[in-house]
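Chemist: For reference, the structure I am asking about is given below.
Read-outs: derived from the displayed coordinates by stated rules, not from any lab. Being a predicted model, the structure only gives us computed values, none of them experimental. Positions of Cβ are backbone-derived with ideal geometry, glycine not excepted, and every protein chain shown enters the neighbour counts.
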Amino acid sequence: MTDIIDPAAPVAANDGRAETASKPEKVIVFDTTMRDGEQSPGASMSIDEKIELAKILEDMRVDVIEAGFPIASNGDFEAVRKISQIITESTVCGLARAGVADIERCADAIRPAKRGRIHTFISTSPQHRDYILQMSPEDVVNAVHASVTHARNLCGDVEWSAQDATRTERDVLRRCVEAAIRAGAGTINIPDTVGYTYPTEYAEMFRDLMENVPGADGVIFSTHCHNDLGLAVANSIAAIQAGARQVEVAINGIGERAGNTALEEVVMALKVRGDRLPYFTGVQTQHITRASRYVSAITGFPVQFNKAIVGKNAFAHEAGIHQDGMLKNAETYEIMKPEDVGQGGSNLVMGKHSGRHAFREKLKGLGYDLGQNALNEAFGRFKDLADKKKSVFDDDIIALVDDALARGADRIQVKSLRVIAGTEGPQEAHLTLVVDGAESTAMATGDGPVDAVFNAIHQLVPHGAVLRLFQVHAVTEGTDAQAQVSVRLEEDGRIATGQAADTDTLTASATAYVNALNNLFARKEKTAPEPIVASGF
């Protein structure tokens with residue numbers, strides 16, 4: 001059994017409902033990137049990727065890491081268990097439905113954790129009760145009490161969630177929350193599962209529950225919002241203003257459908273607007289960009305250029321008036337410092353005459369702290385790139401480092417590629433791969449050069465995977481820009497993503513496809529997941 005902890009301990013001791021409190025109060029940051037975020041189609045992460053992300057989140061001082069849904073598959077169970085073994089500062093949480101098997105599987109997974117939490121849930125809305133559960137409100141209330149009681153007997157820290165709370169009749173929701181509190185839940189989550197509510201309505205819901213449910217003053221209320229109407233961050237902040245003291249978020253806002261509340265946006269909103277929002281988190285914000293780039297690299301989901309906080313253009317200024325203001329005083333057009341979120345503070349252009357020390361310092365400024373071997377490899381690739389391009393920009397460096405991190409020690413590697421393309425087909429690809437140390441060469445034709453390249457790979461490495469995504473975008477401007485390619489493959493229900501960058505688009509395409517194959521084969525070596533319909537709040 002994990003240590004019994006007081007979930008309310010991190011929060012300042014007052015009623016937590018007045019926005020005008022004299023002393024700022026702590027908001028617990030609960031990250032669900034590895035659970036709800038991973039449920040984005042195509043965002044599946046390997047165990048090793050989850051472990052690395054957990055370390056980054058712990059470095060950020062995230063309070064609670066929801067590491068997975070242990071009963072969903074053996075892979076998810078192992079990810080939660082291994083993360084529980086290595087994380088010592090953050091609470092490690094696992095998700096469980098209201099059944100005994102789910103809860104006990106979750107308890108087993110988090111047992112090694114220094115601080116563990118069982119997060120159990122059940123649907124409460126009429127839409128879910130009638131069409132999914134086929135249960136009456138009374139049945140749901142009884143299930144809440146039974147599931148939380150069982151979880152509380154196995155772990156001292158239990159969170160309960162009302163799935164689809166914002167479409168639940170208020171009297172039913174009150175009864176469910178009261179049942180969870182009486183059974184011993186220390187955290188009560190009121191999720192906007194389908195992104196349906198709006199800020200004033202959501203805030204009023206929290207106030208109603210806190211004022212009318214017995215025992216509400218002894219627990220922490222949590223907010224978990226989806227972004228179907230683009231209101232997830234606004235709703236989360238409204239809930240905090242109404243008294244919620246835990247916010248559930250995901251890096252880059254990834255998650256089911258339109259995604260979850262973005263960690264970086266809520267954390268920085270509270271930090272920048274502390275004058276009107278008297279709340280704080282313990283997040284070390286200089287790690288935010290590092291986390292964002294890592295999640296983007298392992299999922300293959302690019303961060304849009306104009307994404308708040310972590311986007312490429314978040315601290316970019318092109319208009320003459322803006323540039324003039326920035327030269328006089330950065331505060332004219334920037335409400336936060338790029339260094340505060342781990343974005344490089346300058347656009348220093350690197351080139352082929354730059355040395356290793358300058359390159360190392362540039363990487364640190366961009367949020368990377370590589371070991372010596374990784375640094376040497378990245379520096380060699382940087383030099384190769386500098387010979388091809390007149391100027392190497394920050395985004396070029398980010399792309400080549402992320403590419404190296406994504407590839408790791410791949411069993412299959414691209415050694416050489418020559419492609420014949422043009423108006424007279426068919427196009428040809430001559431490809432040499434190194435597979436487990438042995439070289440193999442093939443020639444293939446296709447309907448276009450990319451198709452020919454992928455056909456050549458298939459000849460050398462036969463497989464049954466289906467291509468689900470092929471995406472190319474330029475890392476920087478100019479005809480010598482690197483192409484960053486993302487490939488997503490699916491086979492027997494397993495999804496794997498590969499990513500690569502190169503000034504040659506076809507080389508990047510081949511490398512990204514091979515990277516995806518490596519990731520897919522690595523997952524096939526693990527136990528196949530048990531079939532389950534995962535749930536997102």
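Chemist: Using packing as a proxy for protection, rank 296-303, 66-73 so that the peptide with the highest average count of other Cβ atoms within 10 Å comes first.
Modeler: On the way: 296-303: 21.4, 66-73: 26.1.
Top to bottom by mean Cβ count within 10 Å: 66-73, 296-303.
Chemist: Here is a further query. For ALA438 and HIS458 in the same chain, what is the full-extension length gain: residue separation times 0.36 nm, less their Cα-Cα distance, in nm?
Modeler: Values: separation 20, 0.36 × 20 = 7.20 nm, distance 1.63 nm.
Using 0.36 nm per residue and subtracting the Cα-Cα distance, I get 5.6 nm.
Chemist: Could I ask something else about it? Would you please state which residues of the range 227-265 a label at LYS337 would reach in this model, taking the label point 7 Å out along Cα→Cβ and a backbone N cut-off of under 19 Å?
Modeler: Answer for the range 227-265: none.
Chemist: Nearest 10 degrees is fine. How inclined is helix 74-86 to the longest principal axis of the chain, computing both from alpha carbons?
Modeler: Approximately 80 degrees, to the nearest 10.
Chemist: If amide hydrogens are placed 1.01 Å from N in the peptide plane, which non-local residues have theirs closer than 5 Å to the one on ALA96?
Modeler: HIS119, THR120, PHE121
Chemist: Explain nothing, just compute: Karplus ³J(HN,Hα) = 6.51 cos²θ - 1.76 cosθ + 1.60, θ = phi - 60°, for every residue of the range 424-437 in order, whole Hz, x for Gly and Pro.
Modeler: Once rounded to whole Hz, the list reads 9, x, x, 6, 10, 10, 10, 10, 10, 10, 10, 10, 6, x.
Chemist: On to the next question. Roughly how big is the range 409-524's charge dipole about its Cα centre, with Cβ charges of +1 (Lys, Arg) and -1 (Asp, Glu), in debye to the nearest 20? Could the numbers behind the result be given before it?
Modeler: On the way: 8 positive and 14 negative charges, 91 e Å.
In total the dipole reaches around 440 debye.
Chemist: Would you tally the net charge around GLU201, using a Cβ to Cβ cut-off of less than 12 Å, leaving GLU201 out, and scoring K and R as +1, D and E as -1? List each step's numbers first, then the result.
Modeler: Numbers: positive: ARG167, ARG170, ARG207; negative: ASP192, GLU204, ASP208.
Once all neighbours under 12 Å are counted, the net charge is 0.
Chemist: Can I ask one more? Figure the gain on full extension for GLN304 and ASP208 (residue separation times 0.36 nm, minus the Cα-Cα span) and round it to one decimal in nm. Write down the numbers at each step before the final one.
Modeler: Values: separation 96, 0.36 × 96 = 34.56 nm, distance 3.75 nm.
The GLN304-ASP208 span can extend by a further 30.8 nm.
Chemist: Fewest first, what order do LEU231, LEU370 take by the number of other Cβ atoms within 10 Å?
Modeler: Least crowded to most crowded, the residues run LEU370, LEU231.
Chemist: Given labels modelled 7 Å from the Cα in the Cβ direction, how far is it in nm from ASP228 to GLU491?
Modeler: Result for the modelled spin labels: 3.6 nm.
Chemist: Could you run the Karplus curve 6.51 cos²θ - 1.76 cosθ + 1.60 with θ = phi - 60° over the range 438-443 and give me ³J(HN,Hα) per residue in whole Hz, x for Gly and Pro?
Modeler: Karplus values, whole Hz, x for Gly and Pro: 10, 7, 9, 10, 8, 10.
Chemist: Using 0.36 nm per residue, how much length does the chain from VAL272 to ALA316 gain when fully extended, once their Cα-Cα distance is taken away? Could the numbers behind the result be given before it?
Modeler: Working: separation 44, 0.36 × 44 = 15.84 nm, distance 1.86 nm.
Taking VAL272 through ALA316 to full extension adds about 14.0 nm, to one decimal.
Chemist: Sorted by average packing, counted as other Cβ atoms within 10 angstrom per residue and highest first, what order do 393-401, 137-145 take?
Modeler: Working: 393-401: 22.4, 137-145: 18.2.
Answer by packing, highest mean first, reads 393-401, 137-145.
Chemist: In the set (1) 39, 28, 25; (2) 43, 29, 20; (3) 52, 33, 20, which value of semi-axes √(5λ) of the Cα gyration tensor in Å was calculated from the structure you see?
Modeler: Given (1) 39, 28, 25; (2) 43, 29, 20; (3) 52, 33, 20, the calculated one carries the label (2).
Chemist: If you place +1 on the Cβ of every Lys and Arg, -1 on the Cβ of every Asp and Glu, and leave all else neutral, what size is the dipole of the range 25-299 about its Cα centre, to the nearest 20 Debye? Could you put the intermediate results ahead of the total?
Modeler: Working: 28 positive and 38 negative charges, 108 e Å.
The calculated dipole for the range 25-299 is roughly 520 debye.
Chemist: Distance between Cα centroids, the range 368-393 to the range 239-308: provide it in whole Å.
Modeler: Centre-to-centre distance over Cα atoms comes out at 30 Å.
Chemist: How do 38-49, 502-513 rank on mean C-beta neighbours within 10 Å, highest first? Don't jump to the answer; show the numbers that get you there.
Modeler: Numbers: 38-49: 19.4, 502-513: 22.6.
Going from most to least packed, we get 502-513, 38-49.
Chemist: Another question, then. Just to confirm my numbers, what's the Cα centroid distance between the range 103-172 and the range 441-470 in Å?
Modeler: 46 Å
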